[in-house]
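> Below you will find the structure I want to go over with you.
The values are calculated or read from the model by the stated rules, or taken from the named source; none is laboratory data. Values in this document were obtained by computation on a predicted structure and should not be read as measured data. Note that we place each Cβ from the backbone using ideal geometry, even for glycine, and neighbour counts take in every protein chain shown.
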Amino acid sequence: MSWPNNRLTQLLGIDYPLIQAPMAGGVTTPELVAAVSNAGGLGSLGAGYMKPEAIRQAIAAIRQRTDRPFAVNLFVSEPVKEEAQRVIAANRLLAPYREALNLPEPEPLLSAVADDSEEFTVSLEDSSEMLVSTGANYHEQVAVVLEEGIDRVSFTFGIPSDAEIATFKQRGVITIGTATHVLEGIVLEETGIDVVVAQGMEAGGHRGTFIGRPEQGLLSLMTLIPILVDQLRIPVVAAGGIMDGRGIAAAHHLGASGVQMGTAFLTTPESGAHSMYKQALLDTTEMSTVLTKVFSGKLARGLQNRFITELSEVQDQLPGYPIQNALTRDIRRAAAEHDMPELMSLWAGTGCALCQSRPVAELMRQWLDQAAQYLKP
Ligand SMILES: Cc1cc2nc3c(=O)[nH]c(=O)nc-3n(C[C@H](O)[C@H](O)[C@H](O)COP(=O)(O)O)c2cc1C
């Protein structure tokens, strides 16, 4: 089969092997997801931070705008514990930012988590106090996705349980997992996942690494694609730094069955990214992105700003994900309200200097025509 048709397009029921990356945090509006699906790709709703009811509403809004396939993306999460002292120390470090934004002093432990999609409890173990993220929201999200009859589901940060995968298979749901190194790809395939997204170190947003330390999952996409393709039987989708038809063609030459592009969609009118975030992306150079844990406790790539610079020295003392993410939520939200990009998380891949501010349909046409030039038989 020749470009653009291949086993990925057949499996997903799409015209072009191009997936719009799920981007949690309000970027993947129903308009964005539907525009990508209507243009022949696979739009994806980044639902990782959404409450079940909000997911339901977003799905309905997407369905009003397209009858093409689209995916819903979730963060696989398990209960996580953190020492209370670490949380209290982190809140002390965050205090100057809260003060600058006129935010109230948080409760020592459960600051800013009340309206989070995560649920937290405080428990006493071995006489030390722990903050526990229950991971309960994820299971409710899975239930909603199944109830809504969603038939393409993608995941990051881990693998759904065997029981969940069995249910997906029974209902004919196609599952897409994220791997940052070969072992993760093999485990995803052996667990029954249908498609693997190979997330290169160039990728914007959080690292999907779930086996080993995050530093072990920092392979360049050019290295990761051929290694994964050689080891796996299921289709491999390339993600990280792909910004136009040249990147799409290169990924295919390396053996990928498709691409997943995130940053390239951030500056479209359909994207829900804050206007200052869009402007920052359009003003950036390829020198602008860094990997950081300061916003969420999990390694992620974004535009360097004041918050990252000031806290990078202490980032190893901060709580892990999702607790640090919950602690910084009020700061990030208030910064967005006050148009202060220096305190917002501006996730972006290394290709961000190639961002364009054009509608999805136009951009996709341009990329796909360009890819076709390089992929002509
Ligand atoms: C703003 C932003 C948010 C992201 N959120 C998610 C997410 O919710 N789930 C997910 O699986 N990947 C997420 N990613 C990572 C993408 O799936 C993908 O790996 C990445 O966008 C590819 O690199 P690129 O941004 O250079 O195209 C996010 C990426 C960005 C830029």
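> Are any of the residues in the stretch 161-177 among the basic types (Lys, Arg) and either touching a Lys or Arg at 6+ places or on another chain (Cβ under 8 Å) or buried (at least 19 other Cβ atoms within 10 Å of the Cβ) (or both)?
no
> Which residue, of Gln317, Gln370, is over 21 Å from the mean Cα position of the chain (by Cα) and within 30 Å of Leu254 (Cα to Cα)?
Exactly one residue qualifies, and that residue is Gln370.
> Working only within the stretch 187-204, note down all residues that are within 24 Å of Ser161 (Cβ to Cβ), buried (at least 24 other Cβ atoms within 10 Å of the Cβ) and among the small types (Gly, Ala, Ser).
Within the stretch 187-204, Ala198 is the sole residue that qualifies.
> Yes or no: Val153 on the phi < 0 side of the Ramachandran plot, assigned to a helix (DSSP H, G or I), within 16 Å of the ligand (Cβ to nearest atom) and at pLDDT 75 or above?
The answer is no for Val153.
> Let me ask you something else. Among the residues of the stretch 100-133, write down those that are out of contact with any Ser or Thr (no Cβ under 8 Å at 6 or more places or on another chain), at pLDDT below 75 and among the acidic types (Asp, Glu).
Scanning the stretch 100-133 gives Glu107, Asp115, Asp116, Glu125, Asp126.
> Is it the case that Ala60 is modelled with pLDDT of 95 or more, crowded, with 24+ Cβ neighbours inside 10 Å and either away from the ligand (no atom under 15 Å from the Cβ) or not acidic (Asp, Glu) (or both)?
It is false that Ala60 is modelled with pLDDT of 95 or more, crowded, with 24+ Cβ neighbours inside 10 Å and either away from the ligand (no atom under 15 Å from the Cβ) or not acidic (Asp, Glu) (or both).
> Select, from Thr285, Thr263, the only residue that is within 12 Å of the ligand (Cβ to nearest atom) and either touching a residue at least 60 places away in the same chain (Cβ under 8 Å) or within 21 Å of Ile159 (Cβ to Cβ) (or both).
Thr263
> Looking only at helices (runs of 4 or more DSSP H) that lie completely in the stretch 300-377, which have at least 2 residues being out of contact with any helix residue (DSSP H, G or I) (no Cβ under 8 Å at 6 or more places or on another chain) and in contact (Cβ under 8 Å) with a residue 24 or more places away in the chain?
Answer list for the stretch 300-377: 323-337.
> Restricting to the stretch 130-143, give me the number of residues that are in contact with a helix residue (DSSP H, G or I) (Cβ under 7 Å, 6 or more places away or on another chain) and either free of Cβ contacts under 8 Å to residues at least 40 places away in the same chain or within 16 Å of the ligand (Cβ to nearest atom) (or both).
2
> Next question. Working only within the stretch 28-56, note down all residues that are free of Cβ contacts under 8 Å to residues at least 60 places away in the same chain, within 15 Å of the ligand (Cβ to nearest atom) and touching a helix residue (DSSP H, G or I) at 6+ places or on another chain (Cβ under 6 Å).
Val33, Gly43, Leu45
> Separate question: Just to be sure before I move on: is Gln279 of a type outside the set (A, V, I, L, M) and more than 11 Å from the ligand (Cβ to nearest atom) in the structure I sent?
Considered against the rule, which asks whether it is of a type outside the set (A, V, I, L, M) and more than 11 Å from the ligand (Cβ to nearest atom), Gln279 comes out as yes.
> Any idea how many residues of the stretch 156-188 are among the aliphatic types (A, V, I, L, M) and within 15 Å of the chain's Cα centre (by Cα)?
3
> Of the residues in the stretch 67-81, how many are buried (at least 18 other Cβ atoms within 10 Å of the Cβ) and either of a type in the set (A, V, I, L, M) or more than 16 Å from the ligand (Cβ to nearest atom) (or both)?
6
> Something else: Scan the stretch 2-27 for residues that are buried (at least 18 other Cβ atoms within 10 Å of the Cβ), within 10 Å of the ligand (Cβ to nearest atom) and over 11 Å from the mean Cα position of the chain (by Cα) and jot them down.
Across the stretch 2-27, the qualifying residue is only Ile19.
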